[in-house]
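To start, the structure itself, in structure tokens.
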Amino acid sequence: MKLIFSLFLLLLIAAALPGQSGTVIGTLTSENEALGFAKVHLVGTKLGAFSDDEGQFEIRNVPWGMYTLEVSLSGYETKEAKVNVSYSNQEIDLQLDIARVNYELDQVVLTGTRTSKRQIESAVIVNVIDTRTLDNVQACNLSEGLKFQPGLRVETDCQTCNYTQLRMNGLGGSYSQILINGRPIFSPLTGLYGMEQLPANMIERIEVVRGGGSALYGSSAIGGTVNVITKIPKKNSYDAGYTFQNINGATNDHVFLGNASYVNKQANAGGTIFVNKRNREVYDHNGDNFSELPKLRNNSFGANFFILPGENQKLEVNLSNLREYRYGGEMVEGPAHLALQSEERDHNVLIGNIDYQINFNEDNTSLIAYTAAQHTGRTHYTGIFPDESEDVQIHLDNPPYGTSTNTTLQGGIQINHRVNGFFGGSNVITIGSEYVMDDVIDQIDAYNYKVDQVTENLGSFLQSDWEVTPTLNLLTGIRADKHNLVDNIILSPRISLLYKLRKSTQFRMTWGTGFRAPQAFDADLHIAFAGGGVSRISLSPDLVQERSNSFSASVNFDKAMKKFIAGYTLEGFYTHLNNAFYLHPLGEDSFGERFEKRNGDGATVQGLTLELRANYDQKIQLEAGFTLQSSLFDEPVENIEGLEPKRKFLRTPNEYGYAALSITPSSKWNTAVNFVYTGPMDLVHFAGAPEQSVDTYTVSPAFAEVGIKTGYTVEFNRVNSGIEVYAGVKNLFNAYQNDFDSGKNRDSNYVFGPGAPRTYFMGLRIKSL
């Protein structure tokens with residue numbers, strides 16, 4: 001009987017006791033303001049939450065015990081706090097203040113290793129262009145923003161249509177891999193005009209990896225990789241604005257933009273949208289009634305959505321539509337084929353990707369599945385009105401209008417697995433496979449010109465990111481590609497070594513290989529005007545893939561104090577190309593100049609890049625970069641029929657650089673000054689224009705362009721909004737080419753220097769604070 005009574009008493013006591021779990025609640029702030037959308041979790045468990053827009057969080061059903069609570073948010077220091085959940089302490093209320101990161105070297109980057117990693121801990125150098133930089137230089141699009149990075153140069157390559165290409169470490173645009181959200185859907189056709197079609201307000205940040213260390217992204221990443229990461233929803237916000245630009249007192253340019261983001265209170269779903277509209281008239285610099293800057297009509301919009309469908313899962317969807325019309329040439333009204341010379345382009349580009357990620361095994365393993373696509377529909381005209389009367393009717397009956405259709409598809413899967421205790425360190429193993437298909441049809445019946453080609457590439461990659469010790473990291477990887485235009489499987493290995501000498505200094509060394517397939521459509525196959533006709537480029541029947549070997553070594557130093565940090569990066573790079581592609585002149589036919597892409601013996605690109613940076617209390621920031629380099633073929637190649645061959649790469653200066661200074665004394669005032677320098681470069685100049693009677697080589701002068709912008713924001717704290725007014729000048733001293741060809745028979749590829757003359761701008765933005 002006593003036993004039964006004792007058991008009954010124990011049951012009563014147990015029933016009276018609460019469950020053996022508790023709740024952790026808290027409020028996060030930073031500089032006396034609520035810190036929303038930060039990740040809060042208990043280390044070693046799957047328990048966590050996100051702070052809401054008032055900085056508050058709640059973690060329920062926490063079993064009794066001692067825990068380490070960790071708070072993390074990009075741009076802020078990671079904070080830890082000890083919590084003890086017990087019978088006597090079932091609800092813990094924390095008040096945590098999170099400090100901002102003093103300098104953005106501590107931010108997380110993705111591009112260097114295909115996984116998230118702190119920038120200073122990546123074995124591959126990753127430079128970042130953020131929205132603040134894009135705003136400071138008043139970049140309207142991707143093309144204008146990329147100039148402000150070391151080792152990068154954006155050049156305009158056509159006087160009539162103004163297509164641009166990105167040169168990295170002295171190599172041409174077709175050696176650069178441009179990604180959108182990590183996916184290689186920026187096709188060769190898209191690449192001709194795409195850098196101007198991507199508006200700056202759709203971009204969250206741009207991550208840049210120079211050299212062959214990014215070979216895991218594909219065959220074109222010989223010069224480097226640029227990863228354009230689109231806006232992602234972080235908090236509830238909006239931004240709308242208008243910018244008026246006037247080009248050299250002659251041409252007006254209007255840009256409208258808008259952004260809005262929403263994240264729900266639980267921070268497990270959200271979305272952001274962007275819109276952009278641009279209207280620019282043609283600009284004639286030399287007064288011959290032929291444009292140097294084409295007419296632009298851009299209309300772009302897009303959206304990015306994310307949802308956390310379950311624990312440790314994320315689904316992200318990005319969609320965008322880019323519409324662009326451009327016209328350059330004789331400045332007359334009417335159909336393009338009635339102009340004496342003109343190029344007309346009408347693009348409709350659709351881009352999208354879907355990414356799904358799930359983490360498991362206590363966050364030591366993640367599975368990422370993704371698919372991406374782009375589709376471009378293009379109508380175009382490229383032509384010169386004939387001089388001879390018998391040719392006029394033929395031209396009118398069959399004007400050289402053309403159509404282009406381009407579809408790029410990608411699908412892949414990637415698994416990351418962290419192995420702790422790997423020979424005394426930790427190792428993140430990455431393995432994956434992806435398929436990329438690019439289908440392009442580009443034709444102009446009047447020129448008997450047609451490209452109809454499908455390229456397919458199946459690539460697999462394996463990577464080991466081994467933290468040997470806290471000061472030594474070894475990154476090794478290999479990519480295997482089977483391209484349908486190459487007979488054999490091509491292996492592209494890479495090795496990167498990072499050594500951290502104290503917290504302030506890192507040494508890096510990288511070796512990698514890559515290849516370019518002999519595909520028919522690429523950045524160097526642009527149809528251009530030359531010698532009174534239309535130049536066209538074909539492929540040699542003996543053309544084989546181009547291979548590369550790339551080496552780089554660097555030292556990175558940053559000295560941080562409480563409110564001030566300064567540092568530098570010195571990098572040396574070397575790339576040797578085997579079977580290097582070049583354009584061989586074949587002479588003229590009835591339509592104009594003809595060239596054939598052939599393999600040369602080889603080429604070497606090498607040089608030094610110096611980066612300097614300083615930041616005082618986020619109020620004064622200086623960034624600068626300068627590159628000295630040489631680009632030489634192993635043996636001279638012929639560029640113009642009848643003229644001596646040259647070893648030197650054309651359109652490639654031996655020195656170039658930039659600097660950007662921003663001064664932000666308060667949240668209301670901001671002034672920015674920027675500088676871009678381009679050294680002399682060798683060019684070809686074809687005869688045809690009145691100013692040019694013979695084919696020749698020439699050397700361009702050096703150019704230095706300076707820009708300035710200042711803005712003031714009126715803050716309305718009660719409604720968490722502000723109105724910013726700003727104004728400034730691009731290319732302040734009007735450093736612009738002054739010897740353009742004139743008339744309809746001009747050599748449209750004879751263009752160099754800054755992309756636009758002096759441009760005044762002013763604008764207004766209404767935005768959330």
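The values are calculated or read from the model by the stated rules, or taken from the named source; none is laboratory data. Everything numeric here is computed off the predicted structure, so don't read it as measured data. In this analysis, Cβ positions are derived from the backbone assuming ideal geometry, glycine residues included, and neighbour counts consider all displayed protein chains. Heavy atoms of the whole protein, side chains included, go into the accessibility calculation; ligands, DNA and RNA do not. Shrake-Rupley method; radii C 1.70, N 1.55, O 1.52, S 1.80 Å.
You will find that of S174, S143, S116, S122, the residue that is touching a Pro at 6+ places or on another chain (Cβ under 9 Å) and among the hydroxyl-bearing types (S, T, Y) is S174 and no other. If you go through the range 468-505 and keep only what is more than 28 Å from the chain's Cα centre (by Cα) and in a strand (DSSP E or B), you end up with V468, T469, L472, L501.
For the range 234-318, list the strands (runs of 3 or more DSSP E) that sit wholly inside it and hold at least 2 residues that are in contact with an Asp or Glu (Cβ under 6 Å, 6 or more places away or on another chain); which are they? Those strands (runs of 3 or more DSSP E) span 251-263, 295-307. Look at (1) at pLDDT below 95; (2) touching a strand residue (DSSP E or B) at 6+ places or on another chain (Cβ under 7 Å); (3) under 30 Å from C158 (Cβ atoms) and you find that P386 fails only one, number (2). For the range 585-605, indicate whether the set of residues that are modelled with pLDDT of 90 or more and within 24 Å of the chain's Cα centre (by Cα) is non-empty. Yes; the residues of the range 585-605 include at least one that is modelled with pLDDT of 90 or more and within 24 Å of the chain's Cα centre (by Cα). Condition first: small (G, A, S) and more than 30 Å from T160 (Cβ to Cβ). Can you find one or more residues in the range 193-208 that meet it? No, every residue in the range 193-208 fails to be small (G, A, S) and more than 30 Å from T160 (Cβ to Cβ). Is it the case that L322 is buried (at least 18 other Cβ atoms within 10 Å of the Cβ), in contact with a strand residue (DSSP E or B) (Cβ under 6 Å, 6 or more places away or on another chain) and closer than 20 Å to I229 by Cα? So L322 passes the test. Just one of the listed residues (T455, T403, T408, T469) is in contact (Cβ under 8 Å) with a residue 40 or more places away in the chain, open to solvent by 30 Å² or more (accessible area, probe 1.4 Å), of a type in the set (V, I, T) and within 21 Å of T190 (Cβ to Cβ), namely T403.
Just the residues that are part of a helix (DSSP H, G or I) and modelled with pLDDT of 90 or more, please, taken from the range 114-131. Answer for the range 114-131, where residues must be part of a helix (DSSP H, G or I) and modelled with pLDDT of 90 or more: just T131. Scanning the range 462-521 for residues that are out of contact with any Pro (no Cβ under 9 Å at 6 or more places or on another chain) and of a type in the set (D, E, K, R) returns D465, E467, D481, K482, D487, R494, R502, K503, R508, R516.
Which ones in the range 702-719 are open to solvent by less than 60 Å² (accessible area, probe 1.4 Å) and not hydroxyl-bearing (S, T, Y)?
To start, the set of residues in the range 702-719 that are open to solvent by less than 60 Å² (accessible area, probe 1.4 Å) comprises 702-707, 709-711, 713, 715.
If the condition is that a residue be open to solvent by less than 60 Å² (accessible area, probe 1.4 Å) and not hydroxyl-bearing (S, T, Y), then A702, F703, A704, E705, V706, G707, K709, G711, E715 are the ones that fit.
Looking at (1) within 21 Å of T243 (Cα to Cα); (2) open to solvent by 20 Å² or more (accessible area, probe 1.4 Å); (3) not charged (D, E, K, R), which one does V694 not meet, given that it meets all the others? Here V694 meets the rest and fails (1).
Is it the case that the range 638-661 has a residue that's of a type outside the set (D, E, K, R), open to solvent by less than 20 Å² (accessible area, probe 1.4 Å) and more than 28 Å from the chain's Cα centre (by Cα)? Yes, the range 638-661 contains at least one residue that is of a type outside the set (D, E, K, R), open to solvent by less than 20 Å² (accessible area, probe 1.4 Å) and more than 28 Å from the chain's Cα centre (by Cα).
Does G26 meet the test of being modelled with pLDDT under 90 and either part of a strand (DSSP E or B) or open to solvent by less than 40 Å² (accessible area, probe 1.4 Å) (or both)? Let's see the steps before the verdict.
Values: modelled with pLDDT under 90: no; either part of a strand (DSSP E or B) or open to solvent by less than 40 Å² (accessible area, probe 1.4 Å) (or both): yes.
So G26 fails the test.
Listed here are the strands (runs of 3 or more DSSP E) enclosed by the range 553-661 that have at least 1 residues being of a type in the set (K, R): 593-599, 602-616, 646-648. Would it be correct to say that D747 is surrounded by fewer than 22 Cβ atoms within 10 Å (Cβ to Cβ) and closer than 25 Å to V637 by Cβ? No: the conditions fail for D747. One residue alone among G572, G587, G607 is free of Cβ contacts under 8 Å to residues at least 40 places away in the same chain and either more than 30 Å from E121 (Cβ to Cβ) or open to solvent by less than 40 Å² (accessible area, probe 1.4 Å) (or both), and that residue is G572.
The rows are residues; the columns are (1) touching an Asp or Glu at 6+ places or on another chain (Cβ under 8 Å); (2) open to solvent by less than 20 Å² (accessible area, probe 1.4 Å).
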residue	(1), (2)
G334	no, no
Q341	yes, yes
R345	yes, yes
G352	no, yes
N361	no, no
I384	no, no
D391	no, no
N398	yes, no
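Every residue in the range 423-440 that is open to solvent by 60 Å² or more (accessible area, probe 1.4 Å) and at pLDDT below 95, please. Correct list: F423, G424. Residues in the range 720-739 that are at pLDDT below 95 and buried (at least 22 other Cβ atoms within 10 Å of the Cβ): there are none. Scanning the range 420-447 for residues that are free of Cβ contacts under 8 Å to residues at least 40 places away in the same chain and within 30 Å of I384 (Cβ to Cβ) returns a single hit, I441. Somewhere in the range 446-465, is a residue over 28 Å from the mean Cα position of the chain (by Cα), modelled with pLDDT of 90 or more and in a strand (DSSP E or B)? Scanning the range 446-465, I find no residue that is over 28 Å from the mean Cα position of the chain (by Cα), modelled with pLDDT of 90 or more and in a strand (DSSP E or B), so the answer is no.
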